[in-house]
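Engineer: After the structure tokens below, expect a handful of questions from me.
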Amino acid sequence: MGLKPATNPDVDASTIELNIDGKTVTAKDGVSLYDVISSTGKIIPAMCYHYTFDPFGSCGMCLVMQEGKKAPVRSCTAKATAGMVIRTEGDDLFQARKKAVEKHLSVHPLDCPVCDADGHCELQDMAFQHGVTNLANAKQKFIPEDTRSLVLDFNMNRCIACAECINVCKDVLMIDALQFMKKGGFNQVVAKGDLPLACEFCGDCLAVCPVGAITNKFSKYLYKPWQMKKTTTTCNYCGDGCQMYVETKDTEVIRVTSPLSWKNKWGDRADTAKGHGGLCVKGRFGFEYIDSPTRLKRPLVRKGNQLVEVPWLEAMHAAVDRFADIRKKHGPDAIAGLITARCTNEELYLFQKLMRVAFRTNNLDSSARYGHMNFVQASKLALGIGRTTNDWEDLTKAKAVLVIGSNLTETNPLTSVRIKEAIRVYKAQVMVFDSAVTNLGKLGSHPFLIKPGTEGLVIDGLVKATVDLDLVDEESVKKHPQAFAALKSAVGSISLEQVAAKTGLTAEQFKEAASIFAESPRSIILCAEGIVRRPNGYQNVLKLVDLAWITGKLGRPGCGVNTVTEEPNEQGAVDMGVAPEFLPGLASFDDQTMRDKLAKAWDATLPTVGSGAHLTEILNRCRSGHIRALYVVGENPLATLPASMEVRAALDRLELLVVQDPFLTETGQMAHIVLPATTSAEKDGTFTNLEGRVLRVRQGMDAIGESVPDWQILTALANGMGCQWEYDSANDIQSEIMKLLPGYYNLGQPKKLTPNADHYLSNGYTASAAGRYKTARSESARPFTLLMGQLLYHSGKLSTLAPGLMKIAPNTGRIRMNAADMERLGLQDGAMVKLTSDRGSLQIGVQVDQSVAPQTCFFPEHFNEPPVKDLMSVHVDAITGVPSFKRTGVTIEKV
Amino acid sequence: MTVQTLTRKFLHAALFYEIWDAMKVMFKHMFHKPITFQYPREQRTIPDTHRGALGLLRYDDGRERCVGCDLCEAACPSRCIKVISAEDPDRPLQRYATEFYIDITKCVFCGYCVEACPVNALAMTKMYEFSTHDKRTLLFDKKRLYDIGERHLDDAKKYLYAHNQEKNLEESREYRYYFPQSVVKPTQTTPKHLS
């Protein structure tokens, strides 16, 4: 039974009138009666209903009386029609609902004392509300618990067959990992095919289960809901910025829950366009790093050859003295700083202020440099914005989505749920260009498997096809005839057939994709790691802007060029000016008005224009001895960058390496001073997510050991260096940022920015456009392409410290290959091969992976054992300085 | 002052009335059982419903009754109970309390925790002597509570019967909860009334 609520934004559903409890109510035609009743504020109990999916109608609680019918009707599966007369209250309905509760309870085990859902159970609430005290014919199911899954236990004795888990999995998340199966005389929820559950493990089934039938293996029996302190905070894993509830007991994190829950089941279906409230596997089950025993508890100082625990005062004095000493001897530019984008906005702001005011240097960078900077700089240049232009709602309601170089389901699972909703509810055409068989490619209408490294060529092809087929938007193009002429001549030499041959597609496919993109009323481009983390990322983003411009999509509502970020606050890092080329508020470093404003506010002189170094330059200068002290906050360049960057040599030459991190990382082990910082669960602040929304991070528990929030360490360090900073809380820093960047927080809502490319198109566009379309792909002589990328179950190196996630996705130490390739090379699963790139070779096992395309192999970037990353060559972008090192040509030989 | 009252006063004085009056009380008490008794040598008989120290109980086979459901903690008005539970490593699917604390200095002996307990693992005993030189010893941990339960098992059971919490030994386990079985190995046989 499917009742599609009226969610098509293009068609206005007609309005109908019906009578509910004597009041006339207007509603949209075609929606469920239950939705109409709940929109009036009346709440009828319903255990199988949730607004995120279509009503299922199994619990029999939502009974109402309809005039003209003898028996009560189930309001959720009944369609609201004009002229209905409905009664929702009355003793007869109460008794009927009570009967339904009794029916469920009579086969329920009543093991509430040991059940984790005790106190957070809809069946319990219903039994209490309806006064069920004795059951006439109680019987038990005695179904053994299914404990085969890695994260969830299924206790089907407690199941009330509401099918919320199955519906949310199938309809909302489009994973479809659960099903009903008749087993032992009962309808049971089992994983597809009654196998051990193997899915994305997002745990949304757990969240919507109104009873304790699905339980969380990570916190089973450890808690009762009323024992825990619940803190609303923002997830620390990817740029989606999901809101979640961290539930703690003293100094332990017990579990993480989501706003998606059976508890808030009433809502407008159209609101899910802004997010359905669920979490992914990382957010829900990856919390164990917070109270991990490997956390640093006290500061460490290198004495002789090893790191020794010392009191805070001693460590801070040592750090301040040595920084001051180096600044005195070698000048401020001998100091540099790196910070991770997992820090809050306040800390990022404070960090750049510390570097620029206390250390008086502009050598600073954040992990946004690993890719996001390509997008920011291109978007800033072309559109004057520097962040994505569309929010989740735009993504959901798009008619055509061009996903290029992004395995969205793995990197940003909740953004991919938006695309899934676009496919499912709003019937969007999704074109996926990727060199892997991605999950979105399987779901989307137009999957295109391209050869690795041809993402840039694909854009060339799309632009060419648009020009050839004359799909250009006359109005946009007429405004800048010179620019369009330049673009036309730039793509003139491109042959669509050649591009098609190089990318592994056909010219027709390019034409089809270009026409879908150009002709849709709302078209969105989404580019990610395949563009921004690869060579020529900056140019490729500009080419995407060209595509959007000539098709007239720039500035039109619901259209735009977007990216996703890997770390939670990469956008915030750029916005806060943690880059040598930017000041807070994305002002250019040489912007004189902003420099004056900041100099006045900070009461200091800023480093001179033209000074400063970004990540790769900092490492180069470390190696050459120009930089003698490096302050690393949460970053781990040693484990991230390949050996060819010679990070170890660079760090070895340093006179002082101060690492501030919750864990002792590889970089930390080389440090002279290690300062224990807290994780985001132990501090206040804000993150800026990929939409530009500023989201609160709240302290859920006391800091572990003697660790201290980063902003406190930064403040202490600055005061040691002679500044007078008086920040008592993250709020104090926030109010300073608010004064400098009015409207940045904007109550957590992203400011609607209209991209305007006029300046860019009329100034110097003609000169740059010609060079952009000439990028010839450097053909590697090696037959295979080795790609490194993210797994769904991990994020950076942080998630490898969560034991639960390591259990789900351990480091297999093998490269993943296509089954056909393995067969061709005569390789069995687990066989050893010799992997050779231009940078060296290593022996490694292989494993089969269906999502890897032929001629490619894949290794997750989260693991360094064996050191596959060292096979990579680094290509540093000339304009943005982004190092790209995720793809290389390799040969694979059997050993 | 009238003649009558004068006469009474004179007679009282002459006949030492007050002394006889006092003697009357004294002789009356010579022939009746003393009301006070010599505590600690003599102890009062305490009713079964008396609310004394809390103890944790085991089943007859020695298994801990407590399933770590934390309802006692939720019911406690003075917040003196703390339960930490986990899955029993030896018996999958069985929840138990790894730690159990009662701060008896905070306890108001209301007996709500006993009432809340779904498996009758908690009971009150007739023990009321807690005097100690060190107040810290009054934070009863799990071991201490089981010790109390073992030492005062009879009293604890009488308490439960007196408060209508437990019928008798045979029935007690059957009318209580039956917990779902593990997929690895069955830990309980199906009880008679359910099979």
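Engineer: Inspect all residues belonging to segment A:744-758 and state whether any of them is of a type outside the set (S, T, N, Q), within 30 Å of A:LYS478 (Cβ to Cβ), in contact (Cβ under 8 Å) with a residue 40 or more places away in the chain and not in a loop (DSSP other than H, G, I, E, B).
Structural biologist: Yes, segment A:744-758 contains at least one residue that is of a type outside the set (S, T, N, Q), within 30 Å of A:LYS478 (Cβ to Cβ), in contact (Cβ under 8 Å) with a residue 40 or more places away in the chain and not in a loop (DSSP other than H, G, I, E, B).
Engineer: Test each condition in (1) in the same structural domain as A:ARG356 (by TED's automatic domain parsing); (2) modelled with pLDDT of 95 or more for A:PHE517 and report the one that comes out false.
Structural biologist: Among (1) in the same structural domain as A:ARG356 (by TED's automatic domain parsing); (2) modelled with pLDDT of 95 or more, A:PHE517 violates only (1).
Engineer: Could you check A:ALA601 against (1) of a type in the set (A, V, I, L, M, F, W, C); (2) touching a residue at least 60 places away in the same chain (Cβ under 8 Å); (3) under 26 Å from A:ARG839 (Cβ atoms); (4) surrounded by fewer than 23 Cβ atoms within 10 Å (Cβ to Cβ) and say which number it fails?
Structural biologist: Evaluating A:ALA601 over (1) of a type in the set (A, V, I, L, M, F, W, C); (2) touching a residue at least 60 places away in the same chain (Cβ under 8 Å); (3) under 26 Å from A:ARG839 (Cβ atoms); (4) surrounded by fewer than 23 Cβ atoms within 10 Å (Cβ to Cβ) leaves (3) as the failure.
Engineer: Kindly indicate whether A:LEU505 is part of a loop (DSSP other than H, G, I, E, B) and farther than 27 Å from A:ALA781 by Cα.
Structural biologist: In short, no.
Engineer: If I ask for residues that are of a type in the set (A, V, I, L, M) and farther than 11 Å from A:LEU787 by Cβ, which ones from segment A:849-895 would you list?
Structural biologist: Result: A:LEU871, A:VAL874, A:VAL876, A:ALA878, A:ILE879, A:VAL882, A:ILE892, A:VAL895.
Engineer: Looking at A:LEU123, A:LEU110, which one is closer than 23 Å to A:LEU222 by Cβ, out of contact with any Leu (no Cβ under 6 Å at 6 or more places or on another chain) and either in a loop (DSSP other than H, G, I, E, B) or assigned by TED's automatic domain parsing to the domain that holds A:LYS807 (or both)?
Structural biologist: Criteria check complete, one pass: A:LEU110.
Engineer: Of everything in segment A:837-889 that's of a type in the set (Val, Ile, Thr) and more than 26 Å from A:LEU440 (Cβ to Cβ), which residue is surrounded by the most Cβ atoms within 10 Å (Cβ to Cβ)?
Structural biologist: A:THR880
Engineer: Restricting attention to segment B:1-58, and to residues there that are among the hydroxyl-bearing types (Ser, Thr, Tyr) and closer than 20 Å to B:THR125 by Cβ, which single residue is surrounded by the most Cβ atoms within 10 Å (Cβ to Cβ)?
Structural biologist: That would be B:THR49.
Yes or no, residue by residue, for (1) modelled with pLDDT of 90 or more; (2) over 15 Å from A:THR52 (Cβ atoms); (3) surrounded by fewer than 19 Cβ atoms within 10 Å (Cβ to Cβ); (4) away from chain B (no Cβ under 14 Å):
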{"position": "A:TYR223", "(1), (2), (3), (4)": "yes, yes, no, no"}
{"position": "A:ASN236", "(1), (2), (3), (4)": "yes, yes, no, yes"}
{"position": "A:GLY239", "(1), (2), (3), (4)": "yes, yes, no, yes"}
{"position": "A:THR257", "(1), (2), (3), (4)": "yes, yes, no, yes"}
{"position": "A:ALA270", "(1), (2), (3), (4)": "no, no, yes, yes"}
{"position": "A:ASP291", "(1), (2), (3), (4)": "yes, yes, yes, yes"}
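Residue-wise test of (1) surrounded by 24 or more Cβ atoms within 10 Å (Cβ to Cβ); (2) touching a Pro at 6+ places or on another chain (Cβ under 7 Å).
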site: A:THR388; (1), (2): yes, no
site: A:ASP391; (1), (2): no, yes
site: A:VAL401; (1), (2): yes, no
site: A:SER406; (1), (2): yes, no
site: A:GLU421; (1), (2): yes, no
site: A:VAL425; (1), (2): no, no
site: A:VAL432; (1), (2): yes, yes
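Engineer: Working carefully through the options A:LEU152, A:LEU173, find the one that is under 21 Å from A:LEU805 (Cβ atoms), within 14 Å of chain B (Cβ to nearest Cβ) and of a type outside the set (Lys, Arg).
Structural biologist: Of A:LEU152, A:LEU173, the one residue that is under 21 Å from A:LEU805 (Cβ atoms), within 14 Å of chain B (Cβ to nearest Cβ) and of a type outside the set (Lys, Arg) is A:LEU152.
Engineer: Could you tell me which of the residues A:PHE56, A:PHE94 is in a helix (DSSP H, G or I) and over 30 Å from A:ILE254 (Cβ atoms)?
Structural biologist: So the residue among A:PHE56, A:PHE94 that is in a helix (DSSP H, G or I) and over 30 Å from A:ILE254 (Cβ atoms) is A:PHE94.
Engineer: Quick check on A:ILE166: is it of a type in the set (Val, Ile, Thr), within 26 Å of A:SER219 (Cβ to Cβ) and away from chain B (no Cβ under 14 Å)?
Structural biologist: yes
Engineer: Kindly indicate whether any position in segment A:821-833 is within 30 Å of A:VAL256 (Cα to Cα) and in a loop (DSSP other than H, G, I, E, B).
Structural biologist: no
Engineer: Looking at segment A:104-115, which of the residues that are facing another protein chain (nearest Cβ under 9 Å) and not β-branched (Val, Ile, Thr) is surrounded by the most Cβ atoms within 10 Å (Cβ to Cβ)?
Structural biologist: Filtering segment A:104-115 for residues that are facing another protein chain (nearest Cβ under 9 Å) and not β-branched (Val, Ile, Thr), the one surrounded by the most Cβ atoms within 10 Å (Cβ to Cβ) comes out as A:CYS115.
Engineer: So, in segment A:126-155, exactly how many residues are out of contact with any strand residue (DSSP E or B) (no Cβ under 9 Å at 6 or more places or on another chain) and outside any loop (DSSP other than H, G, I, E, B)?
Structural biologist: Looking only at that region, the number is 4.
Engineer: Moving to a separate point now. Can you tell me which residues in segment B:115-129 are within 12 Å of another protein chain (Cβ to nearest Cβ) and either closer than 16 Å to B:HIS50 by Cβ or without any contact (Cβ under 8 Å) to a residue 60 or more places away in the chain (or both)?
Structural biologist: Selection gives B:ALA116, B:CYS117, B:PRO118, B:VAL119.
Engineer: Can you give me the number of residues within segment A:120-140 that are buried (at least 17 other Cβ atoms within 10 Å of the Cβ) and within 14 Å of another protein chain (Cβ to nearest Cβ)?
Structural biologist: Within segment A:120-140, residues that are buried (at least 17 other Cβ atoms within 10 Å of the Cβ) and within 14 Å of another protein chain (Cβ to nearest Cβ) number 4.
Engineer: Would you call A:THR800 of a type in the set (S, T, N, Q), assigned to a helix (DSSP H, G or I), outside the structural domain of A:VAL437 (by TED's automatic domain parsing) and more than 30 Å from the chain's Cα centre (by Cα)?
Structural biologist: no
Engineer: Now for a different question. Quick one: which residue in B:LYS158, B:LYS192 is surrounded by 14 or more Cβ atoms within 10 Å (Cβ to Cβ) and either among the aromatic types (Phe, Trp, Tyr) or modelled with pLDDT under 90 (or both)?
Structural biologist: Answer to the check: B:LYS158.
Engineer: Please find, among A:LYS265, A:LYS249, the residue that is over 29 Å from B:CYS76 (Cα atoms), of a type outside the set (Gly, Ala, Ser), in contact with a helix residue (DSSP H, G or I) (Cβ under 9 Å, 6 or more places away or on another chain) and surrounded by fewer than 23 Cβ atoms within 10 Å (Cβ to Cβ).
Structural biologist: Result of the check over A:LYS265, A:LYS249: A:LYS265.
The values are calculated or read from the model by the stated rules, or taken from the named source; none is laboratory data. What you see is a predicted model; the values in this text were computed from it and never measured. Backbone-built Cβ (ideal geometry, glycine too); neighbour counts: all protein chains shown.
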